[in-house]
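Colleague: I have a structure I would like to understand better, so I am pasting it below and will then ask my questions one at a time.
The values are calculated or read from the model by the stated rules, or taken from the named source; none is laboratory data. Since we're looking at a predicted model, the values are computed, not measured. A quick note on method: Cβ atoms are made from the backbone with ideal geometry, for glycine too, and the neighbour counts reach across all protein chains shown. Remember, those area values only see protein heavy atoms, side chains included, never the ligands or the DNA or RNA. Shrake-Rupley method; radii C 1.70, N 1.55, O 1.52, S 1.80 Å.
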Amino acid sequence: MARVKRSVASRKRRRRVLKAVRGHKGARSRQFKAAHEDLMHARQYAYAHRRTRRRDMRRGWILRINARARALGMTYSQFMHGLRRANIDLDRKVLADLALNEPEAFEDLVKAAQAAA
C-alpha cells in the first residue's frame, strides 16, 4: 500500500487559519497554535455578539418609541397596549423609524392608541 503524505492538507489548514487572523496582534497572527486559539475564541465571541446586537437594537428602538410617545403624552407601555387593542400590528423597528422620520404618522398612531385604550 502506498504511503499517505499529509503535508498538502495540513499546510492548507494552517494557511486558512493564519489568513483568518491577519490583523491580530503579535504571535496570534503569526504562530499557528496561538492563531488557532485566538480564532476559536473570536468565533465564539462573534456568535454570542450577533445575538447581543439584536438585543441592543431592540433596546434602541424601544428608547426612540418611548421618547416620542412621551412627547405626545403617553408612556411606551400604554402606547404598545393601545396599539394592540386597536389591532395595529407594527413591529418596534418600523415604529422607531416612524417616530424618527415620520412624526405626523407616529402622532396618528398615538391618537389611535389613545382611542383604543
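This table checks each residue for (1) out of contact with any Pro (no Cβ under 7 Å at 6 or more places or on another chain); (2) modelled with pLDDT of 95 or more; (3) under 30 Å from LEU18 (Cβ atoms); (4) of a type outside the set (Ser, Thr, Tyr).
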{"residue": "TYR47", "(1), (2), (3), (4)": "yes, yes, yes, no"}
{"residue": "ARG55", "(1), (2), (3), (4)": "yes, yes, no, yes"}
{"residue": "PHE79", "(1), (2), (3), (4)": "yes, yes, no, yes"}
{"residue": "ASN87", "(1), (2), (3), (4)": "yes, yes, no, yes"}
{"residue": "ASP97", "(1), (2), (3), (4)": "yes, yes, no, yes"}
{"residue": "ALA117", "(1), (2), (3), (4)": "yes, no, no, yes"}
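Colleague: Working only within the range 1-20, note down all residues that are among the β-branched types (Val, Ile, Thr) and either open to solvent by 100 Å² or more (accessible area, probe 1.4 Å) or not in a helix (DSSP H, G or I) (or both). Even if it seems obvious, please write down each step before you answer.
Modeller: First pass over the range 1-20, keeping only residues among the β-branched types (Val, Ile, Thr): 4, 8, 17.
VAL4, VAL8 - these are the residues of the range 1-20 that are among the β-branched types (Val, Ile, Thr) and either open to solvent by 100 Å² or more (accessible area, probe 1.4 Å) or not in a helix (DSSP H, G or I) (or both).
Colleague: Sticking with this structure for a sec: Which pairs turn up if I take residues in the range 71-83 that are without any contact (Cβ under 8 Å) to a residue 12 or more places away in the chain and look for partners that are surrounded by 18 or more Cβ atoms within 10 Å (Cβ to Cβ) and part of a helix (DSSP H, G or I) with beta carbon separation below 6 Å, at least 6 apart in sequence or on another chain?
Modeller: none
Colleague: Please state which of the following conditions GLY60 fails to meet, knowing it meets all the rest: (1) open to solvent by less than 60 Å² (accessible area, probe 1.4 Å); (2) part of a helix (DSSP H, G or I); (3) under 15 Å from ALA113 (Cα atoms).
Modeller: Condition not satisfied by GLY60: (3).
Colleague: If I filter the range 21-39 down to residues being open to solvent by 100 Å² or more (accessible area, probe 1.4 Å) and assigned to a helix (DSSP H, G or I), which single residue comes out as farthest from LEU95 (Cα to Cα)?
Modeller: LYS33
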